[in-house]
Amino acid sequence: MNAKAISKKNQVSQVNIFKQDEIVKRTELIGQGLRAHSWKDLETAGKFAKNDKISFINDSMLVVGCDIGSETHYLRAIDTRGREISKKAFAFSNDSEGFASAKDWMLELAAASNKDQIVVGLEPTGHYWFCLAAWLVSNGISVVQVNPYAVKQTKEVEDNSQLKDDRKDPKLIANLVKDGNYGMPYLPEGVYAELRRLTLLRDQLTGDRVSALNRLHRELTIHFPEYKDALGKIDGPFTLELLKKAPFPSDLNVLGVEGIKNIWHEARLRGCGYNRASVLLKYAEASVGLTEGTDASRLAVRWFAHQILELDRQLAEIEGLLREKCREIPFAENVLGISGIGDKILAGIVSEMGDISRFDDAKEIQKLSGMSLVACSSGKHKGQTKISHRGRKRLRYWLFQAAKSSVVHAGEFRELHEYYTTREVNPLKKKQSLVAIACKLLRVIFAILKSGACYDPEKMLRDIKRQKAQASPAAA
């Protein structure tokens, strides 16, 4: 190699070193100036509409798509024109070291492409995105969400291929963010986070109780087929205490009437259940249940009975905590003024809905619950109107439970339900009527939590539009 070539090589090396130093300095400056935007400073200042979302993604932003996994996440970066800046997908682990490496990777790309802000779009997968989103926001990086259904529908737009994998998805997500097809993620804070976790725990324990009860039914059906008539309520305290010690006919026959009563007496049970001891013994004497394999089944029944009693104790404790937390929600007492809505239903609705201040209209919550009305119509074809079912299914469940309970306990909602199902023009089926009442309840709860007003049943009925030919209230 001659002297001229060596000199040229040294000059190139010096230029590369200068560029690297410049990128390092710019990376540090970008890292210091990062600012994370959340729903608090975007959605509460009015509706965060599609045009606002597009305007938020400006030319100074590096748009990053992230595909969430249980252990490994993947990133790809583009600019606001959709041109990919990253050479390939960047994989990182779901821990602090992986998060730090992802931030360094994004900062280097931002410095190299003259961007000074970063926005990360992610497809929420179960609960695996919670920690990453919180970490990114705390480090000044904005986080937005895209609908998994939108990612699935746009996968063939990218390369005319049905392929959908962890390395292709991040770019699809980034393109959706660039076009404004995203929403702001919401992680409950304070009392709302406590309520959501408690209601989830209550649902999990309730599921465990149902499973244990079904298994208990199976064992008794085999060895004591007459148990429904003999024992009555299978998960009642008298029955469970008896099943812990004498679950099968042979055990009951050995105990006799006085032995059965002694079990209940030792458990300190009070009531008219003692009168069934002699009836129970008659069913046991005439039972046709299997007598083989009873030792193992007896052990199973006792274990299930213990489990149900323990779950009842835990559920009672959680219900008490939920009542306390509900009282911390501003104006929650006013909502409880609606007949049929108690602490359990209110806790379920509020835990799924979250902070009411992030909504500007009750229709936003209706859409979040999947109760917004949709129809597929084209030309002369008029499609059937139905609810979308896209949203938080637990919120939809609790609103429907609130509607059913209110129709039973509140006269004004019972009157409304009767009108919906019997009116001459467009009468609704019973389930459709309950959905309409659930939406009305949602608007009432929204107004109370927003303004602190007290519930007025007469005002609720006055606010509902009435058909001219009818004196009864019609749908709002």
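The values are calculated or read from the model by the stated rules, or taken from the named source; none is laboratory data. Predicted, not measured: the structure shown is a model, and the values here were computed from it. Neighbour counts are summed over all protein chains in view; Cβ atoms, including those assigned to glycine, are modelled from backbone coordinates with ideal geometry.
Tell me, which residue of segment 339-361 that is farther than 24 Å from GLU412 by Cα and polar (S, T, N, Q) is surrounded by the most Cβ atoms within 10 Å (Cβ to Cβ)? Among those residues, the one meeting the criterion is SER351.
If you check TRP129, TRP105, TRP135 for being crowded, with 20+ Cβ neighbours inside 10 Å and of a type outside the set (Gly, Ala, Ser), only one passes: TRP129. When you look at PRO427, is it modelled with pLDDT under 95 and not assigned by TED's automatic domain parsing to the domain that holds ILE345, yes or no? The answer is no for PRO427.
Looking only at segment 315-359, which residues are under 22 Å from GLY207 (Cβ atoms), part of a helix (DSSP H, G or I), in the same structural domain as HIS409 (by TED's automatic domain parsing) and small (Gly, Ala, Ser)? Listed by number, the residues that qualify are ALA347, GLY348, SER351.
Filter segment 283-302 down to the residues that are surrounded by 14 or more Cβ atoms within 10 Å (Cβ to Cβ) and in a helix (DSSP H, G or I) and list them by number. Those that are surrounded by 14 or more Cβ atoms within 10 Å (Cβ to Cβ) and in a helix (DSSP H, G or I): TYR283, ALA284, THR294, SER297, ARG298, ALA300, VAL301, ARG302. Within the set THR72, THR125, the sole residue that is within 19 Å of ALA150 (Cβ to Cβ) and hydroxyl-bearing (Ser, Thr, Tyr) turns out to be THR125.
Whether any residue in segment 187-194 is assigned to a helix (DSSP H, G or I), without any contact (Cβ under 8 Å) to a residue 60 or more places away in the chain and either surrounded by fewer than 16 Cβ atoms within 10 Å (Cβ to Cβ) or touching a strand residue (DSSP E or B) at 6+ places or on another chain (Cβ under 9 Å) (or both) is what I want to check. Checking segment 187-194: at least one residue is assigned to a helix (DSSP H, G or I), without any contact (Cβ under 8 Å) to a residue 60 or more places away in the chain and either surrounded by fewer than 16 Cβ atoms within 10 Å (Cβ to Cβ) or touching a strand residue (DSSP E or B) at 6+ places or on another chain (Cβ under 9 Å) (or both).
Please state which one of ILE222, ILE234 is over 17 Å from SER278 (Cβ atoms) and assigned to a loop (DSSP other than H, G, I, E, B). When all the criteria are applied, what remains is ILE234.
Just one of (1) under 19 Å from ASP229 (Cβ atoms); (2) surrounded by fewer than 17 Cβ atoms within 10 Å (Cβ to Cβ); (3) among the charged types (D, E, K, R) fails for ASP251. It is (2). List pairs: first in segment 281-296 and free of Cβ contacts under 8 Å to residues at least 60 places away in the same chain, second part of a loop (DSSP other than H, G, I, E, B), Cβ under 8 Å, 6+ apart or cross-chain? Matching pairs, first to second residue: TYR283/GLU226.
Across segment 271-279, not a single residue is classified as among the aromatic types (Phe, Trp, Tyr), surrounded by 14 or more Cβ atoms within 10 Å (Cβ to Cβ) and part of a loop (DSSP other than H, G, I, E, B). Restricting segment 71-100 to residues that are among the polar types (S, T, N, Q) and closer than 21 Å to SER138 by Cα, the residue that is surrounded by the most Cβ atoms within 10 Å (Cβ to Cβ) is ASN94. Restricting to segment 27-70, name every residue that is surrounded by fewer than 18 Cβ atoms within 10 Å (Cβ to Cβ) and charged (D, E, K, R). Of everything in segment 27-70, those that are surrounded by fewer than 18 Cβ atoms within 10 Å (Cβ to Cβ) and charged (D, E, K, R) turn out to be GLU28, ARG35, LYS40, ASP41, LYS47, LYS50, ASP52, ASP59.
Considering segment 362-389, the residues that are in a loop (DSSP other than H, G, I, E, B) and not small (Gly, Ala, Ser) include one that is surrounded by the most Cβ atoms within 10 Å (Cβ to Cβ), namely MET371. Evaluation of ALA49 against the conditions (1) touching a residue at least 12 places away in the same chain (Cβ under 8 Å); (2) closer than 22 Å to LYS363 by Cβ shows that the sole unmet condition is (1).
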